[in-house]
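Beneath this line is the structure, given in structure tokens, with notes to follow.
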Ligand code: NI
């Protein structure tokens, strides 16, 4: 009998042009978080054509099941389906037709990859025992996101493990980056409004100058990283905007600051949030101003399960070759796949799609090397196959 991994690779190769067509169709018709109506309909039609029972969930999300030979185990594979509220730039033939919306993160490719895996696995359902669940999840880009809703509505019911991937521009096409433990950060945002008392620039003594107070605040908040956090634990506190005032000689009424906080550990996150609040309030009070403070939590850090990472590494070795496993560092971006990993074992990986691509994720000219679609389909298929054939461990 033909080696199953060769078979998987061949099957993925056979549908390479369809993968590209699917991806380009999604690319031309991007839709943002929870508005993925057309996207969801297209996937739904496809899954029904494959003969899979499909359940709608999380508004525009889908859950489909594929039965192999009789077996106990159930594995889930996930793709996100939303695009970004960005105007696409460039001259690609398949450029977005929806003004102000674009697939510039690669989720169009994730959908094509998972549809490809569904199609290969459906054709080869006599080659595995158990069940594969396909999750097409809305709204990854904007917290609170779609994953949490999917989980609440039963996406993981009966599922033993889950795998997901992100096409990754920084990595060469066909390579994989993955880490045991924390791989992606919690990405929080905050707003601070410093309220003073306006007046003439020539009479500062009868004003409360919010520009002065905000400046002190920016400096004081650097101490959250340098003085309040274990130096061996990662934390980023960065300001993104500072806005206030209109003209040379008027002390304004208020100044607005925004910033972001990136962490990997809950204690570091909680302490940073608390200290930012205390320092913002305390600095304002010291100079007679007031601070309105709003903190918006992002997704919790993405933490891979060690045993599932080992399984991914084995599968990658067989499908793409051991040389294609790349060393990576944790990424300070967020990902709501984390909500699945909080419930059941699983792993998330970066699949290189960067050959010939100079623009990073979320850039208006972002694109992928489409050869990665075929790799992704083979890999997802291989992961499902390898998990289901694993002997039970207790
Ligand atoms: Ni993304």
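None of 379, 349, 373 is at pLDDT 95 or above, under 15 Å from the mean Cα position of the chain (by Cα) and under 16 Å from residue 164 (Cβ atoms) except 349. Looking across the range 142-153 at every residue that is touching a strand residue (DSSP E or B) at 6+ places or on another chain (Cβ under 7 Å) and in a loop (DSSP other than H, G, I, E, B), the one that is surrounded by the most Cβ atoms within 10 Å (Cβ to Cβ) is identified as 146. Considering every residue within the range 181-190, establish whether at least one is over 21 Å from the mean Cα position of the chain (by Cα) and either assigned by TED's automatic domain parsing to the domain that holds residue 307 or within 30 Å of residue 233 (Cα to Cα) (or both). Checked the range 181-190: no residue is over 21 Å from the mean Cα position of the chain (by Cα) and either assigned by TED's automatic domain parsing to the domain that holds residue 307 or within 30 Å of residue 233 (Cα to Cα) (or both). Scanning the range 283-309 for residues being under 27 Å from the mean Cα position of the chain (by Cα), under 22 Å from residue 236 (Cα atoms) and not in a strand (DSSP E or B) gives a total of 5.
Every residue, every condition in (1) surrounded by fewer than 16 Cβ atoms within 10 Å (Cβ to Cβ); (2) on the phi < 0 side of the Ramachandran plot; (3) in contact with a helix residue (DSSP H, G or I) (Cβ under 9 Å, 6 or more places away or on another chain); (4) not in a loop (DSSP other than H, G, I, E, B), yes or no:
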site	(1), (2), (3), (4)
194	no, yes, yes, yes
205	yes, yes, no, yes
216	no, yes, yes, yes
236	yes, yes, yes, yes
242	no, yes, yes, yes
247	yes, yes, no, no
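Listed by position, the strands (runs of 3 or more DSSP E) contained in the range 52-129 that have at least 2 residues being within 16 Å of the ligand (Cβ to nearest atom) and under 21 Å from residue 146 (Cβ atoms) are 69-80.
Of the residues making up the range 40-51, not one is closer than 14 Å to residue 150 by Cβ and either free of Cβ contacts under 8 Å to residues at least 40 places away in the same chain or in a loop (DSSP other than H, G, I, E, B) (or both). Residue 383 fulfils the conditions (1) within 16 Å of the ligand (Cβ to nearest atom); (2) in contact with a helix residue (DSSP H, G or I) (Cβ under 8 Å, 6 or more places away or on another chain); (3) outside any loop (DSSP other than H, G, I, E, B) except for a single criterion, (1).
Considering (1) within 29 Å of residue 97 (Cβ to Cβ); (2) assigned to a strand (DSSP E or B), the lone condition that residue 336 does not fulfil carries the number (2). Of the residues examined, residue 344 is one that is surrounded by fewer than 24 Cβ atoms within 10 Å (Cβ to Cβ) and over 14 Å from residue 176 (Cα atoms).
Regarding residue 146, is this residue farther than 26 Å from residue 106 by Cα and either assigned by TED's automatic domain parsing to the domain that holds residue 324 or within 16 Å of the ligand (Cβ to nearest atom) (or both)?
Judged against the criteria, residue 146 is not a match.
The condition of being part of a loop (DSSP other than H, G, I, E, B) and either modelled with pLDDT of 95 or more or farther than 23 Å from residue 292 by Cα (or both) does not hold for residue 164. Do we find a residue being assigned by TED's automatic domain parsing to the domain that holds residue 202, without any contact (Cβ under 8 Å) to a residue 60 or more places away in the chain, more than 27 Å from residue 343 (Cα to Cα) and in a helix (DSSP H, G or I) anywhere in the range 255-275? Within the range 255-275, one or more residues are assigned by TED's automatic domain parsing to the domain that holds residue 202, without any contact (Cβ under 8 Å) to a residue 60 or more places away in the chain, more than 27 Å from residue 343 (Cα to Cα) and in a helix (DSSP H, G or I). Identify, from the list 355, 367, 327, 292, the residue that is away from the ligand (no atom under 16 Å from the Cβ) and within 26 Å of residue 96 (Cα to Cα). 355 is the lone residue from the list that is away from the ligand (no atom under 16 Å from the Cβ) and within 26 Å of residue 96 (Cα to Cα). Residue 362 falls short on exactly one of the conditions (1) within 14 Å of the ligand (Cβ to nearest atom); (2) part of a loop (DSSP other than H, G, I, E, B); (3) modelled with pLDDT of 95 or more, and that condition is (3). For the range 130-142, how many residues meet the condition of being within 13 Å of the ligand (Cβ to nearest atom) and either more than 19 Å from residue 162 (Cα to Cα) or more than 19 Å from the chain's Cα centre (by Cα) (or both)? Result for the range 130-142: 2. Of the residues screened, residue 30 is not one that is surrounded by fewer than 20 Cβ atoms within 10 Å (Cβ to Cβ), within 16 Å of the ligand (Cβ to nearest atom) and touching a residue at least 12 places away in the same chain (Cβ under 8 Å).
The values are calculated or read from the model by the stated rules, or taken from the named source; none is laboratory data. Remember, it's a predicted structure, so these values are computed and weren't measured experimentally. Note that each Cβ is placed from the backbone with ideal geometry, even for glycine, and that neighbours are counted across all protein chains shown.
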